[in-house]
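S.K.: Just passing along the structure, written as structure tokens.
The values are calculated or read from the model by the stated rules, or taken from the named source; none is laboratory data. Computed from a predicted structure; not experimentally measured. Neighbour counts run over all protein chains shown; Cβ positions are idealised from the backbone, glycine included. Only protein heavy atoms, including side chains, enter the accessible area calculation; ligands, DNA and RNA are left aside. Shrake-Rupley method; radii C 1.70, N 1.55, O 1.52, S 1.80 Å.
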Amino acid sequence: MLISIASVKGSPGVTSTALALAAVWPRPVVLLEADPSGGDLAYRCKAAHGGPVAANKGLLQLAAAVRGGLP
């Protein structure tokens with residue numbers, strides 16, 4: 001299942017809504033913040049291992065990693 005929450009930049013509550021939805025979702029989730037001007041989830045959340053989320057890893061690095069695993 002894919003759920004997308006989007007808005008124009010400056011609209012309050014979109015990141016918080018997505019974060020709250022991911023926090024209560026009954027199955028494991030991947031929350032992607034694809035704000036072209038930069039997001040703040042990396043500074044507000046912890047990674048699965050309990051440490052900080054790497055702020056220098058983004059959509060481009062994810063796409064490259066996925067592409068590298070394809071034949």
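S.K.: Among the listed residues Gly39, Gly69, Gly50, Gly13, identify the single one that is at pLDDT below 75, of a type outside the set (Lys, Arg) and surrounded by fewer than 12 Cβ atoms within 10 Å (Cβ to Cβ).
M.R.: Criteria check complete, one pass: Gly69.
S.K.: Regarding Arg44, is this residue of a type in the set (D, E, K, R), open to solvent by 100 Å² or more (accessible area, probe 1.4 Å) and modelled with pLDDT under 70?
M.R.: It is true that Arg44 is of a type in the set (D, E, K, R), open to solvent by 100 Å² or more (accessible area, probe 1.4 Å) and modelled with pLDDT under 70.
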